[in-house]
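Asker: Handing you a structure now.
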Amino acid sequence: MITLELQEVEIDYCIDCGGIWLDAGELELLLGEPEKAKQLLDSFKIDSNSTEKPRKCPICRKKMQKVIVGSSKPTLLIDRCRRADGLWFDKGELHDIFERANLDKDNKIQTLLNDMFGQDKTE
Ligand SMILES: [Zn+2]
């Protein structure tokens, strides 16, 4: 894992798998729009039937919970520490969650993520 700085928020990025770890509260900081951040976090639902393999929290080493973000399809499933240490995003999922947060089109983070992780934006 390497540490990257995005808008003064330190994020942990795994070079091998492209996943990203955010400590508790960092997603809100990155989103930058408190109302939308709250809406997004309120939409999290625990998925107890998930067949995805559980990941271990990099901080407490316990298995994390699968959490569904929002209700739109395809289902976006992320991993959350049960002790609320933070959130894990598989490759591309951080980008997806920003898509779903309905941020302003020119949101700086979305642009940065596109630059850093090479997600194409076809318009
Ligand atoms: Zn943990």
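Each reported figure results from applying straightforward, stated rules to the coordinates on display, with no laboratory input. Not measured: the values here are computed from a predicted model. No Cβ is skipped: glycine too gets one built from the backbone with ideal geometry, and neighbour counts run over all protein chains shown.
Asker: Assuming 0.36 nm per residue, please report the length gained on full extension of the stretch Cys14 to Ile68 beyond their Cα-Cα distance.
Answerer: Length difference between fully extended and current span is 17.2 nm.
Asker: Under a plain spin-label model, where a point goes 7 Å from the Cα along Cα-to-Cβ, how far apart in nm are Leu77 and Leu112?
Answerer: 3.0 nm
Asker: Okay, next question. At a threshold of 8 angstrom on Cα-Cα distance, excluding pairs fewer than six apart, so keeping six or more, what relative contact order does the chain reach in percent?
Answerer: 23 percent.
Asker: Let me ask you something else. If the limit is 26 Å between Cα atoms, which of Lys38/Lys108; Lys53/Lys91; Lys53/Lys108; Lys63/Lys91; Lys36/Lys73; Lys36/Lys63 go over it?
Answerer: Lys53/Lys108; Lys36/Lys63
Asker: Given 20 °C and 1.002 mPa s, compute D for the chain with the Stokes-Einstein relation, Rh being the Kirkwood radius over Cα pairs; round to the nearest whole µm²/s.
Answerer: 145 µm²/s
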